[in-house]
Amino acid sequence: MPQKTPLYQAHVDAGARMVDFGGWDMPINYGSQIEEHHQVRRDAGMFDVSHMTVVDLHGARCRAFLSYLLANDVAKLKIPGKALYSCMLNDEGGVIDDLITYFIDEENFRLVVNASTREKDLAWVNKQAPEYGVAVAERPELAMIAVQGPAAREALASLARAEDREAIMALSPFSSGSFGDWFVARTGYTGEDGFELTLPGEHADGLWRRLADAGVKPCGLGARDTLRLEAGMNLYGQDMDETVTPLESGLGWTVAMKDDRAFIGRRALEEQKADGVPRKLVGIVLLGRGVVRPGNTVHTDSGEGVLTSGSFSPTLQRAIGLARVPADAQSGCQVDVRGKMLDAKIVRPPFARAGNVCSGII
């Protein structure tokens, strides 16, 4: 039986089509997925992301623990409230999960990890934590709402306590703050501006309905996927997993190796760099009509690759995808769709940003 978020009834009341997503009953759309996509690009939409796992860490050696646990370097987190995106690797350099770390204070950090990887993430974190004396606490009583789009920040801030509105609007990208029982982070998974808000589950339904009354439209997982794909953001389980490294997944920028910091998976990454990273993750744009899906074979002048994500792009009005291809593959390629070879080109994501198609994509 799938689990239900505190917003389940609100989704049902709004006529959402519900699906089982990673063991959770979640809305795929509320009608037109394309309209929901455009709503976020042009105005403001909201997503129930309460299925994500919130994990709080406490202890005097939290920073040392996270320095060892993550491929990115928490030394970058110098100001309380700042956030860091990173991969958590296994000993072979494979991606156990990608996550965001929030710096609360020197003895308190917060992780937000993917729903589908909850059990293995918690097992891995709990395995490493005792050596550093760090307490690990999952927070299942919390709900999360992502409010995204060019009008999103103003919409959410207008519903905050009067004394908090100015500070919420002043949050810089990848920063967060606590405002009463709200934990507000200026982060997202759409390529648009906005917030991800964590609050007690019992208060989530009321805020969701207030946001709807303020004109923020509910959006489902379908639009969330096309938005993140246009933004060139990886989806765990498709674009990366434990069988590939960040260097093969377009996430080399999240790996901090400029000093001698020891972290899990570093040796494997160093060996891969020395040998030459064999594959890379690229964007794919179909030149004509057609539909592409994960698993389609991509043919390049340097050999075969595979489409890891693929969908119709409402902003570009054509099919796009992410693909893992040989490291020296150039611009021209073809995608094998049910035996039919469709012409495409290799591009550098993102495909769209701030509601517009990025330069050089089409």
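Each value in this text was obtained by applying a stated rule to the coordinates, not by laboratory testing. Since we're looking at a predicted model, the values are computed, not measured. Cβ atoms come from the backbone with ideal geometry, glycine included; neighbour counts cover every protein chain shown.
Positive contributions from Lys and Arg (+1) and negative ones from Asp and Glu (-1), summed over other residues with Cβ under 9 Å from the Cβ of VAL282, come out at +3. Residue-wise HN-Hα couplings along region 46-61, as the Karplus relation 6.51 cos²θ - 1.76 cosθ + 1.60 with θ = phi - 60° gives them from phi, are 10, 10, 7, 10, 5, 6, 5, 9, 9, 10, 9, 10, 9, x, 5, 10 Hz; Gly and Pro carry x. Dividing the mean sequence gap of close Cα pairs (under 8 Å, 6+ apart) by how many residues the chain holds gives a relative contact order of 18 percent. Paramagnetic label reach from THR297 (point 7 Å along Cα→Cβ; backbone nitrogen cut-off under 13 Å): within region 306-348, residues 306-307, 334-342.
Amide H contacts for TRP24 (H built 1.01 Å from N in the peptide plane; partners 5 or more residues away or on another chain; cut-off under 5 Å): GLN3.
Counting other Cβ atoms within 10 Å of each Cβ, which GluC sites (Glu not before Pro) in region 66-169 have at most 10 and sit in a DSSP loop? Please report the intermediate quantities before stating the final value.
Details: sites: GLU92, GLU106, GLU107, GLU119, GLU131, GLU138, GLU141, GLU154, GLU163, GLU166; in loops: GLU92, GLU106, GLU107, GLU141.
Sparse-neighbourhood loop GluC sites (Glu not before Pro): GLU141.
With bins 10 Å wide beginning at 0, the percent of Cα pairs of region 58-142 falling in each bin runs 17, 56, 26, 1.
Could you tell me the ratio Rg/Rh of region 160-234? Both radii from Cα atoms, Rh via Kirkwood.
Details: Rg = 13.4 Å, Rh = 13.7 Å.
Value, to two decimals: 0.98.
The string of couplings for region 31-36 from the Karplus curve (6.51, -1.76, 1.60, θ = phi - 60°) is x, 9, 5, 5, 5, 5 Hz, one whole number per residue in order, with x for Gly and Pro.
Per the Cauchy relation, a quarter of the hull surface: what is the mean projected area of the convex hull of the alpha carbons in region 239-362, in nm²?
Values: hull surface 34.6 nm².
Over all viewing directions, region 239-362 projects a mean Cα-hull area of 8.6 nm².
The helix-only estimate of mean residue ellipticity at 222 nm for the chain, built from DSSP H runs of length n ≥ 4 each weighted as -39500 (n - 2.57), is -6500 deg cm²/dmol after division by the residue total.
For VAL337, the residues whose amide H sits under 5 Å from its own are LEU342, ignoring neighbours fewer than 5 places away on the same chain, with H placed 1.01 Å from N.
May I ask you to list the trypsin sites (Lys or Arg not before Pro) in region 327-362 that are in a DSSP loop and have at most 15 other Cβ atoms within 10 Å of their Cβ? Here the sparse-neighbourhood loop sites are ARG338.
Let me know the shape class of the chain, please: from the alpha-carbon gyration tensor, a ≥ b ≥ c as square roots of the eigenvalues, rounded when a/c is under 1.5, otherwise prolate if a/b is greater than b/c, or oblate. Don't jump to the answer; show the numbers that get you there.
On the way: a/c = 1.79, a/b = 1.12, b/c = 1.61.
Oblate, since a/c reaches 1.5 and b/c is not below a/b.
Here is the list for region 265-320: trypsin sites (Lys or Arg not before Pro) lying in DSSP coil, each with at most 10 other C-beta atoms within 10 angstrom of its C-beta, are ARG289. Amide H to amide H, with H built 1.01 Å from N, GLY310 comes under 5 Å of LEU322, counting only residues 5 or more places away or on other chains. In order along region 73-86, the Karplus-derived 3J(HN,Hα) couplings, from 6.51 cos²θ - 1.76 cosθ + 1.60 at θ = phi - 60°, round to 9, 5, 4, 5, 8, 9, 10, x, x, 5, 10, 9, 8, 7 Hz, and Gly and Pro are given as x.
Would you mind checking the pairs LYS76/LYS217; LYS4/LYS217; LYS127/LYS217; LYS4/LYS127 and listing those with alpha carbons more than 31 angstrom apart?
Working: LYS76/LYS217 35 Å; LYS4/LYS217 21 Å; LYS127/LYS217 41 Å; LYS4/LYS127 28 Å.
The answer is LYS76/LYS217; LYS127/LYS217.
Could you please report the charge total around SER86, scoring K, R as +1 and D, E as -1 over all other residues with beta-carbon less than 11 angstrom from its beta-carbon? Could the numbers behind the result be given before it?
On the way: positive: LYS76; negative: ASP73, ASP97, ASP98.
Result for the neighbourhood of SER86: -2.
From the Cα gyration tensor of region 1-133, with a ≥ b ≥ c the square roots of its eigenvalues, which class applies: rounded if a/c is under 1.5, or else prolate if a/b is larger than b/c, or else oblate? It is prolate, given that a/c is not under 1.5 and a/b is the larger ratio.
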